[in-house]
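Before any comments, here is the structure.
The values are calculated or read from the model by the stated rules, or taken from the named source; none is laboratory data. These figures come from a predicted structure and were not determined experimentally. Note that we place each Cβ from the backbone using ideal geometry, even for glycine, and neighbour counts take in every protein chain shown. Please note that ligands, DNA and RNA were not included when accessible areas were found on the heavy atoms of the full protein model with its side chains. Shrake-Rupley method; radii C 1.70, N 1.55, O 1.52, S 1.80 Å.
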Amino acid sequence: MQVCASCHGADGNSASASFPKLAGQHEAYLVKQLKDFKVQAGAKTAARNNPIMAGMAGALSDSDMVNVAAYFASQTPKPGVAHDAATVPEGQKIYRAGIADKGVPACASCHGPTGMGIPVQYPRLSWQWADYTVAQLHAFQQGAGARNNNDAMHGIAARLSDSEIKAVADYVAGLH
């Protein structure tokens, strides 16, 4: 846990927007993500490309992953806030209704109306750092080699502009 805590915080509430808040995240989702940082049998690359996390996850057994995930899932997430009042309406609109003319579904359709997500498939987004969410949406836009573990998100993120990504990420940071 000390190794994880150095970036993600002892209670899963990272102090830096460079690292995701893991507190309250779904246990099964966390296990899946840890496994996605490792090259699986028959694969040439890991589903998620992150040299630091590849090293961390690579040292974990399957039972270690379950234990780490259970610990962080049991922690209480600290509330976040949206920082740009000017973009909150646009972020809320994208999150709740999507962008029909671009074929972007409402984020809430998978991540839930309060951003709680669906275990294994869709992460909890509420109170996540906006900068981290922006980075992940950009990784999904890059496609192969960046983040290969959710085909639907590749297509969705590819249809979002930078300003739309920033708006929805900021909105999610304050969502509860």
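Here are the numbers for the structure shown:
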quantity	calculated
Every residue from the range 37-74 that is open to solvent by 40 Å² or more (accessible area, probe 1.4 Å), in contact with a helix residue (DSSP H, G or I) (Cβ under 9 Å, 6 or more places away or on another chain) and among the β-branched types (Val, Ile, Thr)	VAL39, ILE52, VAL66
Within the range 75-105, tally of residues that are farther than 18 Å from LYS166 by Cα, open to solvent by 80 Å² or more (accessible area, probe 1.4 Å), within 19 Å of the chain's Cα centre (by Cα) and not charged (D, E, K, R)	2
Residue match in the range 29-45 (condition: under 21 Å from PRO119 (Cα atoms), in a loop (DSSP other than H, G, I, E, B) and touching a residue at least 24 places away in the same chain (Cβ under 8 Å))	no
Top-ranked residue in the range 10-36 [being surrounded by 19 or more Cβ atoms within 10 Å (Cβ to Cβ), aliphatic (A, V, I, L, M) and over 11 Å from the mean Cα position of the chain (by Cα); ranked as nearest to ASN149 (Cα to Cα)]	LEU34
Those helices (runs of 4 or more DSSP H) lying entirely in the range 64-176 with at least 2 residues at pLDDT below 95 and within 20 Å of TYR29 (Cβ to Cβ)	130-142, 151-158
Test: residue in the range 12-33 that is touching a Ser or Thr at 6+ places or on another chain (Cβ under 8 Å) and at pLDDT below 95	no
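Listed here are the residues, each with its yes/no results for (1) among the polar types (S, T, N, Q); (2) surrounded by 19 or more Cβ atoms within 10 Å (Cβ to Cβ); (3) touching a residue at least 60 places away in the same chain (Cβ under 8 Å).
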residue	(1), (2), (3)
CYS107	no, yes, yes
PRO119	no, no, yes
ALA130	no, yes, yes
GLN142	yes, no, no
MET153	no, no, no
TYR171	no, yes, yes
HIS176	no, no, yes
